[in-house]
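Peer 1: Take this structure, written in structure tokens, and hold onto it; I'll ask about it next.
The values are calculated or read from the model by the stated rules, or taken from the named source; none is laboratory data. Model, not experiment: these values are computed from the prediction. Cβ: placed from backbone, ideal geometry, glycine included. Neighbour counts: every protein chain shown. Side chains included, ligands, DNA and RNA excluded: accessible areas come from the protein's heavy atoms. Shrake-Rupley method; radii C 1.70, N 1.55, O 1.52, S 1.80 Å.
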Amino acid sequence: MTSNYPILSAEEAAELIENNHLVATSGFTPAGAVKAVPVALAKRAKKLHEAGEKFQIRLLTGASTGTSLDDQMADADAVSWRAPYQSSRSMRQKINAGKIDFVDMHLSHLPQSVLFGHFGVIDVAVIEATEVTADGKVFLSTSVGASPTFLKQAGKVIIELNRAQSRSIGDMADIVLPAPPPKRCALTLDHPLQRIGKSYVQIDPKKIVGIVETNQADEVGQFAPPDELSQNIAGFVVEFLRNELKAGRIPTEFLPLQSGVGNVANAVFEGIGASPDIPDFYMYSEVLQPGPFSLMRSGRLLGASSCGLTLLPEHMQQIADDADFYKDRIVLRPQEISNNPAIIRQLGVISLNTALEADIYGHVNSTHVVGQSVMNGIGGSGDFARNSYLSIFVCPSIAKGGKISTLVPMCSHVDHNEHSVNVLVTEQGLADLRGLAPGARAKRIIENCAHPMYRDYLHQYIANSKPGHINHDLKHCFDLHQRLIETGDMLG
Ligand code: COA
């Protein structure tokens, strides 16, 4: 019951936010991102700018968000600082133009950084919920993200109560807020679906300064059906997993899977779903997107632990229509638990993430084109890659119509070093790097993964190095990237 709280319009709520406030919002992908207050805030910013007044906020979220938040706020020049991840074209352009300071960080680190005040005090938290009780119990919507920490730490709380989100989603949450170190205890989470917390966040109701009622679906874009390239990559991944099972390097009951967002991930899940040699499996991931979700109904995906539901309205309707089926199969966790290094290691997660580029020694760049322009951010890829049982990275072998090889002599920016990358896959093939010294890794990556038109170039590069060792001559790295700069193919 919400009657104790003032009901505000989005515009009234936006008036409570001041210039330079640190504002923390819900949203982990467009799932559960606030949708009304940011639009009103963007309008307010534009109006104030026209009147010659300064108005920009510092914006914290769980991860990326929807168009109403990142795009509209960036378009209105309403953000001066942003963390920890974004995937909005407008926001990216402003960051790369030096107009927004962007702090790219591991998503599992965010709640603790907030708790210890690394970014200052949160002035206002704006959080989407499916229900708020008079005594301050907040039931979150389609993502948990960092919202529990934001709710606890913020001076003021505005709730967007979204009637379009099924109330049953709130019950999928399993919220636990670990105590700060040195009193942080080990988490007893021995199974992806184990519940160790509560389905709501308890806060002081006096902090809730208003409720904004909304009725809007999450702004999750359509997913393109897997193309030939994604299907080829997926084929190599599935074949590899089958062989690992046969060789006994993956136990017969299989291991939980993590996957990043995107086409290749969807194609891999389609491939696994269709492969009778791979047993029914669980996910321990930070996102649940349509590909794996569709395997839940058929029983191939036994259950998923996630931080949010990056699903389309038709999937959300399925969940609303059959809440009993899904509530036993989906657990939504805060990002410090969904991406928790100890749990990922303990469960033996197999991680699958996409690289922007990789070098012939196995270092991976997930974030910075030519080492300069940020794409989205590291997201959860580092949390999983570093701690998984088996860390797989995928990418096409070429980008920009072949003007550039994604396999380079030396990455222009490193997010995941050679020690966190076990397997690299492109549409050309798969390179299993386990147990290989640097020189052997380079040969295998070039032969198995590089596009044929770049192989000679890359071989020439290792011919100049001491046998078996890494060649640190960075000049070669820039030769390739120079083409992008010359042809104007750099990201905005
Ligand atoms: N050099 C220059 N540009 C490159 C490139 C390279 N090596 N590789 C890709 N690009 C360009 C593409 O041409 C495309 O440009 P465009 O938008 O102008 O067409 C753009 O970068 C995106 O490439 P695309 O292949 O469509 O990327 P994607 O949607 O598969 O995403 C990442 C790839 C790496 C950007 C994305 O997976 C990411 O942000 N990862 C980091 C976060 C993460 O891994 N999270 C996982 C846990 S959810």
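Peer 1: So for region 423-432 (the condition being open to solvent by 10 Å² or more (accessible area, probe 1.4 Å), at pLDDT 95 or above and out of contact with any helix residue (DSSP H, G or I) (no Cβ under 8 Å at 6 or more places or on another chain)), does at least one residue qualify? Quick ask: steps written out before the conclusion?
Peer 2: Initially, region 423-432 is screened for residues open to solvent by 10 Å² or more (accessible area, probe 1.4 Å), giving 427-428, 430, 432.
Cutting the leftovers down to at pLDDT 95 or above gives us 427-428, 430, 432.
Checking which are out of contact with any helix residue (DSSP H, G or I) (no Cβ under 8 Å at 6 or more places or on another chain) leaves us with none.
No; the residues of region 423-432 include none that is open to solvent by 10 Å² or more (accessible area, probe 1.4 Å), at pLDDT 95 or above and out of contact with any helix residue (DSSP H, G or I) (no Cβ under 8 Å at 6 or more places or on another chain).
Peer 1: With within 14 Å of the ligand (Cβ to nearest atom), open to solvent by less than 10 Å² (accessible area, probe 1.4 Å) and at pLDDT 95 or above as the only criterion, which of Gly362, Gly303, Gly379 stands out?
Peer 2: Values: Gly362 fails: within 14 Å of the ligand (Cβ to nearest atom); Gly303 fails: within 14 Å of the ligand (Cβ to nearest atom).
When all the criteria are applied, what remains is Gly379.
Peer 1: If you don't mind, another one. Name the single residue that is most open to solvent (accessible area, probe 1.4 Å) among those in region 214-233 being more than 23 Å from the chain's Cα centre (by Cα) and farther than 30 Å from Glu11 by Cα.
Peer 2: Glu228
Peer 1: I'm trying to understand the selection: among the residues of region 447-492, which are in contact with a strand residue (DSSP E or B) (Cβ under 7 Å, 6 or more places away or on another chain), modelled with pLDDT of 70 or more and within 16 Å of the ligand (Cβ to nearest atom)?
Peer 2: Within region 447-492, Cys449, Ala450, His451, Tyr454, Leu458 qualify.
Peer 1: Confirm whether Gly371 is within 13 Å of the ligand (Cβ to nearest atom), assigned to a loop (DSSP other than H, G, I, E, B) and in contact with a Phe, Trp or Tyr (Cβ under 7 Å, 6 or more places away or on another chain). Don't jump to the end; show me each part of the working.
Peer 2: Details: within 13 Å of the ligand (Cβ to nearest atom): yes; assigned to a loop (DSSP other than H, G, I, E, B): yes; in contact with a Phe, Trp or Tyr (Cβ under 7 Å, 6 or more places away or on another chain): no.
Answer is no for this residue.
Peer 1: Let me ask you something else. Could you tell me which of the residues Ile158, Ile122 is out of contact with any Cys (no Cβ under 6 Å at 6 or more places or on another chain) and assigned to a strand (DSSP E or B)? Break it down into steps so the answer makes sense when it comes.
Peer 2: Numbers: Ile122 fails: assigned to a strand (DSSP E or B).
None of the others qualify; the one that does is Ile158.
Peer 1: Which ones in region 179-213 are touching a Leu at 6+ places or on another chain (Cβ under 7 Å) and either open to solvent by less than 40 Å² (accessible area, probe 1.4 Å) or acidic (Asp, Glu) (or both)? Give the steps one after another, and end with the answer.
Peer 2: Initially, region 179-213 is screened for residues touching a Leu at 6+ places or on another chain (Cβ under 7 Å), giving 180, 192, 196, 201, 203, 209-213.
The answer is Pro192, Val201, Ile203, Gly210, Ile211, Val212, Glu213.
Peer 1: Here's something else I'd like to know. Confirm whether Ala33 is touching a residue at least 60 places away in the same chain (Cβ under 8 Å), under 30 Å from Leu288 (Cα atoms) and assigned to a strand (DSSP E or B).
Peer 2: No.
Peer 1: Related question: Only residues that are open to solvent by 10 Å² or more (accessible area, probe 1.4 Å), touching a strand residue (DSSP E or B) at 6+ places or on another chain (Cβ under 7 Å) and more than 8 Å from the ligand (Cβ to nearest atom): list them for region 383-406, please.
Peer 2: Ser388, Tyr389, Ile398 - these are the residues of region 383-406 that are open to solvent by 10 Å² or more (accessible area, probe 1.4 Å), touching a strand residue (DSSP E or B) at 6+ places or on another chain (Cβ under 7 Å) and more than 8 Å from the ligand (Cβ to nearest atom).
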